[in-house]
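So the structure is just underneath, and the comments pick up after that.
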Amino acid sequence: MIWHRCDLKLPSLFGPACCGREATTYDRARKAWLCPEHTKERLCEFCQFERSWVRFYYREHDVTCEIWLCIDCAGLTTRSLAS
């Protein structure tokens, strides 16, 4: 089994450094692996700038896929709709 390490950069005394914990989720917007603690900080997969708030599910070729979007890219008007 291939083990991945969390690639999220954290501030440190010597500049940004990788988290380094065991990663479980690949964030397509960051193009990096994230540990369970940092999966809450995913970026929007469309604009890749804003923090994601909504997870949409869709079917493609008989496979259920998901995409993480920010409020603006999802077309929602308030954050309360995303929860």
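The values are calculated or read from the model by the stated rules, or taken from the named source; none is laboratory data. Please read all numbers here as calculations on a predicted model, not as lab measurements. Cβ atoms come from the backbone with ideal geometry, glycine included; neighbour counts cover every protein chain shown. Heavy atoms of the whole protein, side chains included, go into the accessibility calculation; ligands, DNA and RNA do not. Shrake-Rupley method; radii C 1.70, N 1.55, O 1.52, S 1.80 Å.
Figures for the structure shown
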{"read-out": "Residue selected from segment 33-43 under the condition modelled with pLDDT under 85 and touching a strand residue (DSSP E or B) at 6+ places or on another chain (Cβ under 8 Å), by the criterion least open to solvent (accessible area, probe 1.4 Å)", "value": "Arg42"}
{"read-out": "Residue tally, condition open to solvent by 90 Å² or more (accessible area, probe 1.4 Å) and part of a loop (DSSP other than H, G, I, E, B), over segment 44-65", "value": "5"}
{"read-out": "Segment 13-26, residues that are assigned to a loop (DSSP other than H, G, I, E, B), farther than 9 Å from His38 by Cβ and open to solvent by less than 60 Å² (accessible area, probe 1.4 Å)", "value": "Gly15, Gly20"}
